[in-house]
């Protein structure tokens with residue numbers, strides 16, 4: 001099942017690694033991704049992820065990350 | 001206060017600011033090991049009002065910080081240098097992550113100008129930390145140093161606690177900054193959702209056969225007393241996880257001890273038969289549930305935890321409340337009408353008591369550990385390593401509170417016990433601290449005997465020796481056709497001679513009639529001591545839920561003594 005995940009992140013050099021590590025470790029594959037720095041403090045990431053696992057397993061783990069300000073998911 | 005304000009704006013080295021932030025957080029003890037990239041911080045430490053305990057390996061330092069934190073409820077702090085110093089922390093940080101232990105690890109790093117050039121003792125510590133910490137930072141600007149350290153302490157101890165690493169390049173340690181106490185964001189406590197409380201209360205009052213499944217989160221939340229009141233008001237029967245041991249007083253009616261792979265048979269049967277499972281600060285770990293699909297399969301679930309990511313992760317609850325257990329538990333405490341179930345649980349407890357009868361002269365570890373538990377004074381801490389002895393401790397000893405039983409539960413790290421015991425003794429110097437280890441685990445951080453010698457710490461070591469990697473051997477015996485691949489440890493060193501090289505006295509016992517006097521001496525003698533106990537290598541841990549099986553299908557004892 002595919003989902004779009006929209007994230008607003010603290011702009012830190014390692015934040016993308018942090019997010020992608022969780023995505024992989026929790027059993028999801030990134031099939032598409034876009035990242036843009038916003039206002040000097042935050043970064044927006046939109047990604048499509050695919051997995052047999054329920055999307056909440058991922059979004060709850062992403063929400064826990066200190067540098068994740070907002071995390072929303074939409075089913076395809 | 002006035003004096004504190006006067007210090008605002010003071011110019012100092014980054015390294016001095018690190019020590020100042022620690023003292024501002026009430027840190028009195030640090031565990032660590034110096035090296036090139038953290039030398040300015042060690043220089044600042046020299047003469048500072050903080051006690052540093054030198055370990056002999058960074059893993060030992062970090063485990064001591066974990067032991068300190070777990071025995072006291074305070075945040076543990078450890079230092080390591082860049083490169084190998086930092087990589088040696090990884091196992092301990094992972095242990096702290098899986099067991100939710102508040103630890104702040106500070107690592108030196110090569111100077112910012114040479115980061116990324118493969119400089120001497122340079123490794124990407126921030127990258128390495130991502131999978132073994134709750135959060136991590138690398139400080140690259142002078143004015144970020146103090147706020148970052150403040151955030152590290154806040155993150156380590158708040159919500160579901162965990163390890164936080166702060167990597168500090170050498171130029172940041174040497175550079176000057178103006179020290180200002182950061183204004184901290186107020187963390188908003190989540191409000192209790194009354195609708196969920198009502199739903200949970202309805203499930204509770206409708207249940208005929210409720211069971212309480214208590215995990216380490218209760219102790220971490222400081223919710224032992226609310227939990228005990230909840231049990232008293234509801235009369236609900238209970239079981240605990242490895243980390244939950246000590247949360248429920250041993251004589252509590254309906255308390256059946258540990259559940260899971262090596263849990264008591266009564267605990268596992270009761271959970272399988274219940275119609276409502278109230279999960280408090282626990283997370284459906286595979287060592288607890290056995291085959292998940294058949295775990296408490298007829299039960300509805302109320303799941304209470306501070307970490308929303310645990311709710312529904314492995315088992316979908318009927319009601320989930322993420323919040324402070326100190327608020328949630330009193331809100332749910334209501335008297336229940338479950339007398340027939342209480343009687344059934346009492347019957348299960350009576351029917352499945354431990355059997356300590358063992359003919360022969362060889363020492364039976366479960367009986368010895370039960371005796372040790374009864375000899376320990378009120379203020380005691382037992383630190384385990386990992387393996388058969390760890391499960392025997394969990395099954396046959398008892399604890400007054402969760403802080404009195406330190407065991408590497410989630411990560412299952414051999415080598416945890418000795419350094420954790422050192423940290424526990426530092427945090428609770430008046431307590432009797434006993435490290436219960438096995439002949440495999442003990443050798444994993446044996447260098448920390450020097451740390452005991454250095455501070456003349458009265459850490460008592462009970463070394464249970466079956467000349468085997470016992471738990472692996474047990475699985476080889478049961479599930480790998482007795483093909484004993486690399487589990488023979490009959491070439492162990494002479495442990496008493498080894499201890500004596502560190503000025504730690506000790507003796508070996510091999511016979512049942514030596515146990516009582518030897519335990520008395522271990523507990524009551526002054527200073528450190530090593531009691532080396534040779535046991536029957538044929539003894540295994542029973543009962544056992546085989547891998548992939550339901551908790552209903554426990555294997556019963558099948559040992560033949562040698």
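Would you confirm whether any residue within the stretch B:417-439 is assigned by TED's automatic domain parsing to the domain that holds residue B:508, assigned to a loop (DSSP other than H, G, I, E, B) and closer than 20 Å to residue B:497 by Cβ?
yes
Residue-wise test of (1) closer than 27 Å to residue B:137 by Cβ; (2) buried (at least 17 other Cβ atoms within 10 Å of the Cβ).
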site	(1), (2)
A:7	yes, yes
A:11	yes, no
A:16	yes, no
A:20	yes, no
A:31	no, no
A:71	yes, yes
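Just to be sure I understand, how many residues within the stretch B:373-396 are in contact (Cβ under 8 Å) with a residue 24 or more places away in the chain and surrounded by fewer than 24 Cβ atoms within 10 Å (Cβ to Cβ)?
9
In the stretch B:30-42, is there at least one residue being under 19 Å from residue B:135 (Cα atoms), assigned by TED's automatic domain parsing to the domain that holds residue B:171 and in contact with a strand residue (DSSP E or B) (Cβ under 9 Å, 6 or more places away or on another chain)?
Scanning the stretch B:30-42 turns up no residue that is under 19 Å from residue B:135 (Cα atoms), assigned by TED's automatic domain parsing to the domain that holds residue B:171 and in contact with a strand residue (DSSP E or B) (Cβ under 9 Å, 6 or more places away or on another chain).
Tally time: how many residues in the stretch B:154-175 are within 13 Å of chain A (Cβ to nearest Cβ) and assigned to a helix (DSSP H, G or I)?
Within the stretch B:154-175, residues that are within 13 Å of chain A (Cβ to nearest Cβ) and assigned to a helix (DSSP H, G or I) number 3.
If you check B:127, B:116, which single one turns out to be out of contact with any helix residue (DSSP H, G or I) (no Cβ under 8 Å at 6 or more places or on another chain), assigned by TED's automatic domain parsing to the domain that holds residue B:95 and not in a strand (DSSP E or B)?
That would be B:116, the only listed residue that is out of contact with any helix residue (DSSP H, G or I) (no Cβ under 8 Å at 6 or more places or on another chain), assigned by TED's automatic domain parsing to the domain that holds residue B:95 and not in a strand (DSSP E or B).
Residue B:151 - would you say it is out of contact with any helix residue (DSSP H, G or I) (no Cβ under 7 Å at 6 or more places or on another chain) and within 13 Å of chain A (Cβ to nearest Cβ)?
Answer is yes for this residue.
Yes or no: the stretch B:5-13 includes at least one residue that is in the same structural domain as residue B:170 (by TED's automatic domain parsing), under 20 Å from residue B:153 (Cα atoms) and at pLDDT 95 or above.
The answer is no, given that none of the residues of the stretch B:5-13 is in the same structural domain as residue B:170 (by TED's automatic domain parsing), under 20 Å from residue B:153 (Cα atoms) and at pLDDT 95 or above.
When residues of the stretch B:299-320 are filtered for being within 21 Å of the chain's Cα centre (by Cα) and within 12 Å of chain A (Cβ to nearest Cβ), how many remain?
Selection size over the stretch B:299-320: 5.
Just to be sure before I move on: is residue B:483 modelled with pLDDT under 95 and surrounded by fewer than 22 Cβ atoms within 10 Å (Cβ to Cβ) in the structure I sent?
The answer is no for residue B:483.
Name the residue, out of B:378, B:403, that is within 21 Å of residue B:241 (Cβ to Cβ) and in the same structural domain as residue B:517 (by TED's automatic domain parsing).
B:403
Which one of the conditions (1) under 21 Å from residue B:218 (Cα atoms); (2) more than 14 Å from chain A (Cβ to nearest Cβ) does residue B:283 fail to meet, given that it meets all the rest?
(2)
If the requirement is being more than 21 Å from residue B:62 (Cβ to Cβ) and within 13 Å of another protein chain (Cβ to nearest Cβ), which of these qualifies: B:144, B:188, B:178?
Only one candidate qualifies: B:144.
Just to be sure before I move on: is residue B:156 buried (at least 24 other Cβ atoms within 10 Å of the Cβ), farther than 21 Å from residue B:276 by Cα and without any contact (Cβ under 8 Å) to a residue 60 or more places away in the chain in the structure I sent?
So residue B:156 does not fit the description; no.
Across the stretch B:92-125, which residue is nearest to the chain's Cα centre (by Cα) among those that are within 13 Å of chain A (Cβ to nearest Cβ) and buried (at least 23 other Cβ atoms within 10 Å of the Cβ)?
B:100
So which strands (runs of 3 or more DSSP E) are wholly in chain A and hold at least 3 residues that are over 22 Å from residue B:161 (Cα atoms), free of Cβ contacts under 8 Å to residues at least 60 places away in the same chain and more than 14 Å from chain B (Cβ to nearest Cβ)?
A:29-37, A:42-50
The values are calculated or read from the model by the stated rules, or taken from the named source; none is laboratory data. Everything quoted here is computed from the prediction, not taken from an experiment. We place every Cβ from the backbone using ideal geometry, glycine too, and count neighbours over all the protein chains shown.
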